[in-house]
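Below is one structure, written out as structure tokens; comments come after it.
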Amino acid sequence: MASSINIIPVGGGKGGIGKSIISTNLAVGIALSGQKVVLMDGDFGASNLHALLGISHPIHGFQDLFINNKSPESLLIETGISNLKFISSAGDNPGSANIDTEHVKKIISFIKKLNADTVILDLGPGTSFNILDFFNISAQSIVMSSPEITSVMKTFSFIRSALFRRISLHLKDLPNLQKLVDHSKYLKTDLKTYSVDTLRKNISNIDDSQTKEINQIIEKFKPSIIINRVRSKKDLLAGNNMVNLVKKYLDVNLNYIGYIVESDRVRDSVEDMVPFLIKDPQSKPSQNLQQIIGTLTNTDLHLVKEDGRIFVSKQVRLNSGWDA
Amino acid sequence: METIKQSVATFFDKAWLKVNAILSLEEMEILGSFQLVLNNILADPLLLVLAIGIIASIPYIVHKIKTVQTEKEKRLDALLQELEQLEENEETHKGKSLLKNQPKGEKTNHPNESLGTLNNEAYGNEFESSGSEKTNESLEELNLTTQENINDDLSWDSSNDKWSDLYDHLSQNLDEDKQVPIQQSIKMGGDISEDTLTQKPLEIMDHELSWESNHDEWTELYDTVAEKPLETDMPAKNSIEKDNLTPEIAATELTTDQEEQDELDKFADSLEAISKIEKESIETVPEEEKLEEVTNFLEAVSELEKEPMDITTPTPAFNIPERIELSLKEIEVEELIKPKSIEQAETTSTIHSKLIKEKSLTAGPLLNSMLNSSVSAKTDALVSRLKTFQAELETRFQSLETESKTTQQITKTTSDKKNNYQPASVNYKSIKKSRSNKEYLSQLESFIFMAKQKNINSD
């Protein structure tokens, strides 16, 4: 049961690129397509996802997991959207983002025990280890970016950090090798290991036996990327550029699953605290998102709103979207 | 009616036949419908009259449209001409050099001029008082308008030989008078600030500040004064305070002082009012009496010349001892802004007021004739009004004295502010926005990786 769950962490190096909004609408779309979805606010310390769903004063938060030892099901909050439940991290305190590794592990195990087909985990910005660990829960993670060069830079750094964190955790018993990818403990680490090629080279110089396993880790790491707030055709190239850059320096096959155009509808939906996929399913951002959901769920999803009611059309594709 | 109808019909028939013969219109099918319409019109007298009326009105309408168009064009031309004239006037005012011998368009080093740019932009809004540049322009306008008003009101035509002779006589004498206090002021200034005025004061003294002195002297003298900040000239205040300024100098000083425009406006209004009163009184007097008045006037002027100190005492309105700190500069400015007009304006106002006073006191032939006429009562009223004007002027110039101090402070603070700003050395190199995708990628890489890493990567 737990192993069949599809966890989709949504992260990104930069703040304000639309991680929370896209996570929410992604969860809504997948839920409307018929899957049981749990949306979890993983931005510990700066939660806001409940506001996007219009849920005021959430009755539970993830803190209850540690305080009252509540069961995972008891933390789920109804959203009013069929098949979609929500876990809030509201009521978080300063320092919540810096919970220790044990607590992170507990949360991860809690997520994996959730009774759902898909868990969408909205993460906070940055490249702290906690965020990277949550991002690395699943190989099918999503990285968000906007077309601006600063955002693209941070996205690259985020992907590299996530990959190196994976490798670092694998090499935790081999400090000579771990220091190549973990600069937090080893300040004197040489900066020559900035790409996968240099990493491979340096690891083979120290311990060639680890090269194969590391290659496997790199091969398994297949995040997807969504470019948000696209305003021109040129902006679309940001995704392609990122794919090329990640392939060149990290040897990772980044999956460019789609883009969302810049629109006032999205902003309006935030103001109204209603996901734009429900508020205006025929809008351009909604159509973009439906294509992304179709890619993720291997379906052709189409939403229509008539007389205030949402009608869903879903057709299963023959070719697969996600890797199993 | 029938005959008219027949004649019209025959006329149209003839015309139609001729046109038909020339163009063979009958063969054209389209004209068949027109023929029917024409037949209908010819059959109905009302339609015929209407058609004739319409045809007749066409040339009138065309003519009307043309006239309207031409009228519009004329108006536009007139407006454009006005605009050009205005622009020309502005150009002539702006192009006027501050110094007599200074070539047009040469930039002057007036302390307030550099501030003018600041005043126009950000600093100008901070101070509610008018900017220095604006004051300059309006000052010239004021001088011109004052002169025009005086000329108009007093019928002082510059082409009039009689008045021009009088003017020459007055200006010659007054110039001589004026030089005395100027010399005194420079002497006093030299005593107090010898260091600051060492460049040319002796030469100026040697030449007795004659207006015909050569270009270099005046330029150097101007530069000497212009380079100095306002504060360095401050000691001259007290020195001049001891000397009683002649009204001419005080008046010219006032006219050249740029910050006192508002007061000058009021002063101009007052002058205008005075001159109107004068005009009225002169107009009521017959031509013969006017000649007598002129002779009286000349006599009064000669008396004034004999007793220069007496002029200052009855006109405390012009006695502003605190405002001599720009004396040297203003002497030059005095020259540049039509000295004749200013002198003319001021001397006429003062002398006329003096003259009227004297008239009333001495009861000369002019007054007798005026008393004999029915205007005497009116003259008394006018004299009393003149007195009130004089009182008003006194109070206004007293307030002007204090205002000038505040404007000085404002100018000082503005210059201080300007001095507080130092030019920043900014060596900002804007990176050109990448055009191709390849360039974009290389730029992206340059942002992500360090220089060392780049070298390793290239190896």
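Among A:Ser71, A:Ser56, A:Ser263, the ranking by other beta carbons within 10 Å of each residue's beta carbon, starting with the fewest, stands as A:Ser56, A:Ser71, A:Ser263. Shielding value for B:436-449 is 4, the average number of Cβ atoms from other chains within 10 Å of each residue's Cβ. Report the Cα centroid-to-centroid distance between the range B:33-89 and the range A:1-30 in angstrom, as an integer. The two parts, judged by their Cα centres, are 76 Å apart. Between amide H atoms placed 1.01 Å from N, distances below 5 Å from A:Asn255 occur with A:Ser224, A:Ile225, all of them 5 or more places distant or on a separate chain. About its Cα centre, the dipole of the range A:127-211 is roughly 120 debye, where the only charges are +1 on Lys and Arg Cβ and -1 on Asp and Glu Cβ. Amide H contacts of A:Ile7: A:Val119, each under 5 Å away and 5 or more positions distant or on a separate chain (H built 1.01 Å from N in the peptide plane; Pro and chain starts excluded). Each of A:Ser157, A:Asn48, A:Phe62 was scored by the projection of its Cα onto the charge dipole of the range A:2-161, and the greatest displacement toward the positive side belongs to A:Ser157; charges sit on the C-beta of Lys, Arg, Asp and Glu. Sequence-ordered 3J(HN,Hα) estimates for the range A:31-47 from the Karplus curve with 6.51, -1.76 and 1.60 and θ = phi - 60° stand at 5, 5, 6, x, 7, 7, 10, 10, 9, 10, 7, x, 8, 5, x, 8, 6 Hz, glycine and proline given as x.
Given a cut-off of 23 Å, name the pairs among A:Lys112/A:Lys279; A:Lys112/A:Lys247; A:Lys172/A:Lys201; A:Lys113/A:Lys314 whose C-alpha atoms lie farther apart than that in the structure shown.
A:Lys112/A:Lys279; A:Lys112/A:Lys247; A:Lys113/A:Lys314
The phi-based Karplus calculation (6.51 cos²θ - 1.76 cosθ + 1.60; θ = phi - 60°) puts the 3J(HN,Hα) values of the range B:401-411 at 4, 5, 5, 4, 5, 5, 5, 4, 4, 4, 4 Hz, whole numbers, x for Gly and Pro. The H on the amide N of A:Val230, modeled in the peptide plane, is under 5 Å from the matching H of A:Ile260, A:Val261, A:Glu262, each at least 5 residues off or on a different chain. Could you compute the net charge surrounding A:Asp268? Neighbours are other residues with a C-beta less than 12 Å from the C-beta of A:Asp268; K and R count +1, D and E count -1. Charge balance in the 12 Å sphere: -1. Helix A:149-170 and the long axis of chain A differ in direction by around 60°, with both axes built from C-alpha atoms.
If you plug the beta carbon distance of B:Asp380 and B:Asp265 into 1/(1 + (r/R0)^6) with R0 = 41 Å, you get a FRET efficiency near 0.90. Working note: Karplus 6.51/-1.76/1.60 with θ = phi - 60° gives the range A:255-268 the couplings 9, 8, 8, x, 9, 10, 6, 5, 7, 5, 4, 5, 4, 4 Hz, where Gly and Pro are set to x. Placing +1 on the Cβ of every Lys and Arg and -1 on the Cβ of every Asp and Glu, with nothing else charged, gives the range A:169-274 a dipole about its Cα centre of roughly 320 debye.
Coordinate-derived values only; no laboratory data. Being a predicted model, the structure only gives us computed values, none of them experimental. Quick reminder, even Gly has a Cβ in these numbers, built from the backbone with ideal geometry, and neighbours come from all protein chains shown.
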